[in-house]
Amino acid sequence: MKKTLILLFSLFLLSSPSVNAEDISDFQIEGISIGDSLLDYMTEEEILKEIERNKDLFVYLKEPNKYAEVYLFKDSPTYNFVAFIINNKGTNNYITNKNEKYTILSIRGQIPYIENFNGCIQKRQEIVLELSRMFSIVNKDEWVQEHNLDPSGNSIIDAIEMLLDSGESLVLHCSNWEETFRNKNNYSEGLSISIDSVETSEWMSDYK
């Protein structure tokens, strides 16, 4: 049975919190797992529009367009959006299986904490404790850095990354945008929880 990652009120609820997970694909955010086809949740037209809209999000990486991030905005009591990373293959590439073309390689949900950075950090710590009970963690890194998209240097990410023995990673970060920059770009801020495959983890760590 799939186990769902959800936050409800002040508790992080998982269906079997005392059992270590063996396969990251067994876990879901908003009912969606790594390995699913994005076509099960969005139309191809919607996906392609999102790829075009977000084409400059990873300009700070060595291969910024190797993969693409697609956002799905939906009514949810927990997340203000769910985002996915998929292979960025051109529409002219002939692929017989569209499901393969749009396989979800990374999934991220964001819980809004607008102007409440301390609240974000507190919730993150609660979730990290629960995840540490569920997964076999081989390494945990913590860091704070300026966000690459804000040239002022006044926007930060405070992150914890947990590496699993399978090679996948769980990343929980609190974003705190400089307010003028955030409002100008209509960005949200808060707690992002992501489940990343090996390949997307390596890609997102390969800065210019």
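The values are calculated or read from the model by the stated rules, or taken from the named source; none is laboratory data. This structure is a prediction, so every number in the text was calculated from the model and none was measured. Note: ideal-geometry Cβ built from the backbone for every residue, glycine included; neighbour counts use all protein chains shown.
Matching residues to (1) surrounded by fewer than 16 Cβ atoms within 10 Å (Cβ to Cβ); (2) among the acidic types (Asp, Glu):
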position	(1), (2)
170	no, no
180	yes, no
198	yes, no
206	yes, yes
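Which residues, counting only those in region 41-56, are buried (at least 16 other Cβ atoms within 10 Å of the Cβ) and in contact with a Leu (Cβ under 9 Å, 6 or more places away or on another chain)? Working first, answer last.
First pass over region 41-56, keeping only residues buried (at least 16 other Cβ atoms within 10 Å of the Cβ): 41-42, 47, 50-51.
41, 42, 47, 50 - these are the residues of region 41-56 that are buried (at least 16 other Cβ atoms within 10 Å of the Cβ) and in contact with a Leu (Cβ under 9 Å, 6 or more places away or on another chain).
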Index of the failed condition, residue 134 passing every other in (1) under 19 Å from residue 34 (Cβ atoms); (2) modelled with pLDDT of 90 or more
(2)
Give region 129-156 a look and list any residue that's free of Cβ contacts under 8 Å to residues at least 60 places away in the same chain and buried (at least 18 other Cβ atoms within 10 Å of the Cβ), or say none.
131, 147, 155, 156
Of the numbered conditions (1) within 17 Å of residue 159 (Cβ to Cβ); (2) at pLDDT below 85, residue 101 fails exactly one; give the number of that condition.
(1)
Unique match (being closer than 21 Å to residue 71 by Cα and not hydrophobic (A, V, I, L, M, F, W, C)) among 140, 123, 184:
184
In region 72-94, the residues that are under 13 Å from residue 55 (Cα atoms) and modelled with pLDDT of 75 or more
85, 86, 87, 88
Per the list (1) modelled with pLDDT of 90 or more; (2) under 18 Å from residue 79 (Cα atoms), residue check on residue 146 breaks on (2)
